[in-house]
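The values are calculated or read from the model by the stated rules, or taken from the named source; none is laboratory data. It should be emphasised that the depicted structure is a prediction, and the values quoted were computed from it without experimental measurement. Counting neighbours? That spans all protein chains shown, and the Cβs are built from the backbone with ideal geometry, glycine included. Calculation scope for accessible area: heavy atoms of the full protein, side chains included, ligands and nucleic acids excluded. Shrake-Rupley method; radii C 1.70, N 1.55, O 1.52, S 1.80 Å.
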Amino acid sequence: QVQLVESGGGLVQAGGSLRLSCTASGSLSSINNMGWYRQIPGKERDFVANITHEGSTKYADSVTGRFTITRDAAKNTAYLQMNNLEPGDTAVYFCNARGTIVGHVIFDYWGQGTQVTVSS
């Protein structure tokens with residue numbers, strides 16, 4: 001089992017920055033992707049960013065150029081640096097840990113979510 005704990009959410013003005021962190025514990029050896037998703041109540045949970053074990057990154061078009069995902073393998077932690085935040089970024093942000101084999105998801109774990117609110 002994998003447990004994920006997010007932190008770093010809060011209230012920030014438009015144009016400001018926040019840094020989210022996600023620390024994983026448990027059975028970690030098979031994790032090869034860590035990512036961030038966000039969700040507004042009543043809406044779909046949307047992909048934000050992903051980083052592979054090798055360090056390759058992918059971003060949603062809406063955050064490209066503003067958000068940066070990084071990882072610290074020694075600390076089993078992934079980060080999401082969010083710059084130039086917009087009111088449209090307001091959502092609950094969820095950390096995701098995923099293990100895949102040849103593109104097939106073997107396990108998929110989620111954190112409890114952390115609220116990010118961007119005021120205008």
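Just checking, which of 2, 12 is more than 21 Å from residue 85 (Cα to Cα), touching a strand residue (DSSP E or B) at 6+ places or on another chain (Cβ under 6 Å), surrounded by 15 or more Cβ atoms within 10 Å (Cβ to Cβ) and touching a residue at least 40 places away in the same chain (Cβ under 8 Å)?
Answer to the selection: 2.
All but one of (1) open to solvent by less than 40 Å² (accessible area, probe 1.4 Å); (2) closer than 16 Å to residue 112 by Cβ; (3) of a type outside the set (Asp, Glu); (4) in a loop (DSSP other than H, G, I, E, B) hold for residue 41; state the number of the condition that does not hold.
(1)
The rows are residues; the columns are (1) open to solvent by less than 30 Å² (accessible area, probe 1.4 Å); (2) out of contact with any helix residue (DSSP H, G or I) (no Cβ under 6 Å at 6 or more places or on another chain); (3) assigned to a helix (DSSP H, G or I).
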{"site": "51", "(1), (2), (3)": "yes, yes, no"}
{"site": "64", "(1), (2), (3)": "no, yes, no"}
{"site": "78", "(1), (2), (3)": "yes, yes, no"}
{"site": "81", "(1), (2), (3)": "no, yes, no"}
{"site": "88", "(1), (2), (3)": "no, yes, yes"}
{"site": "95", "(1), (2), (3)": "yes, yes, no"}
{"site": "98", "(1), (2), (3)": "no, yes, no"}
{"site": "117", "(1), (2), (3)": "no, yes, no"}
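When both residues are 6+ apart or on different chains and their Cβ atoms are under 7 Å apart, which pairs have a first residue that lies in region 81-103 and is farther than 12 Å from residue 69 by Cβ and of a type in the set (S, T, N, Q), and a second that is open to solvent by 60 Å² or more (accessible area, probe 1.4 Å) and in a strand (DSSP E or B)?
100/106
Do any residues in region 24-50 that are at positive phi have Cβ atoms under 9 Å from those of residues that are open to solvent by 70 Å² or more (accessible area, probe 1.4 Å), where the two are at least six apart or on different chains, and which pairs are they?
If the second residue must be open to solvent by 70 Å² or more (accessible area, probe 1.4 Å), the pairs left are 26/1; 26/3.
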